[in-house]
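Asks: Sharing a structure, written as structure tokens. Questions coming.
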Amino acid sequence: MKLSTKGRYAVMAMADLAHHSKGKPVALAEVAERQEISLSYLEQLFGRLRRGGLVSSVRGPGGGYLLARSTEDMRVSDIILAVDEPIKATRCKPGSPKGCHLHKGRCLTHDLWEELGNQIYLYLSSVTLADVCERHHPARRPARTGRGGAVSGGDWRIPRR
């Protein structure tokens, strides 16, 4: 799975914006400084976030960006997809019936990686920007192993047989 800086930085910047805005516009220069992200890169990302309806811009003195929706109504997957970051784990083109091999077939592990991408998307869709800001993530809740035993949020290892 490859998530580029585009997706990671967009989520970081949106969390920063949510945390610092308090209903007032936040200048991208402030976000860039706090998050140690290039201002020009943030400007590109926020253009996409604005076109995606996730932020609105305010011009003039005291201007900047505001969230266009509440943090509870904004999913991490919305942010990543708004900056054109595909959520996939295969090397095939998303939605393509063709595989990644030269003969256009799918490799034996294609379905495995495709389902991993689906699970990543489902997870990112289950996390809101509010969850990120409150440091409350679904992965930290106890999970079921599928074998009747519970796994704590921090224990990610595969159970021994």
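Asks: Go through (1) modelled with pLDDT under 90; (2) out of contact with any strand residue (DSSP E or B) (no Cβ under 9 Å at 6 or more places or on another chain) and name the single condition Ala32 misses.
Replies: It is condition (1) that Ala32 fails.
This table checks each residue for (1) surrounded by fewer than 21 Cβ atoms within 10 Å (Cβ to Cβ); (2) modelled with pLDDT of 95 or more.
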position	(1), (2)
Ala10	no, yes
Ala13	no, yes
Leu17	no, yes
Ser21	yes, no
Val26	no, yes
Ile37	yes, yes
Ser40	yes, yes
Glu43	yes, yes
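Asks: If you don't mind, there's one more thing I want to ask. Would you be able to tell me the number of residues in region 49-83 that are basic (Lys, Arg) and in contact with a helix residue (DSSP H, G or I) (Cβ under 6 Å, 6 or more places away or on another chain)? Talk me through it step by step, then tell me what you get.
Replies: Taking region 49-83 as the starting set, the residues that turn out to be basic (Lys, Arg) are 50-51, 59, 69, 75.
Next cut, in contact with a helix residue (DSSP H, G or I) (Cβ under 6 Å, 6 or more places away or on another chain) only: 75.
Total satisfying the criteria: 1.
Asks: Can you tell me how many residues in region 6-51 are hydroxyl-bearing (Ser, Thr, Tyr) and without any contact (Cβ under 8 Å) to a residue 24 or more places away in the chain?
Replies: Restricting attention to region 6-51, the residues satisfying the condition of being hydroxyl-bearing (Ser, Thr, Tyr) are 9, 21, 38, 40-41.
Within this subset, residues satisfying the condition of being without any contact (Cβ under 8 Å) to a residue 24 or more places away in the chain are 38, 40.
The qualifying residues number 2.
The values are calculated or read from the model by the stated rules, or taken from the named source; none is laboratory data. Owing to the predicted nature of the structure, the values given are computational and were not obtained by experimental measurement. Neighbour counts are summed over all protein chains in view; Cβ atoms, including those assigned to glycine, are modelled from backbone coordinates with ideal geometry.
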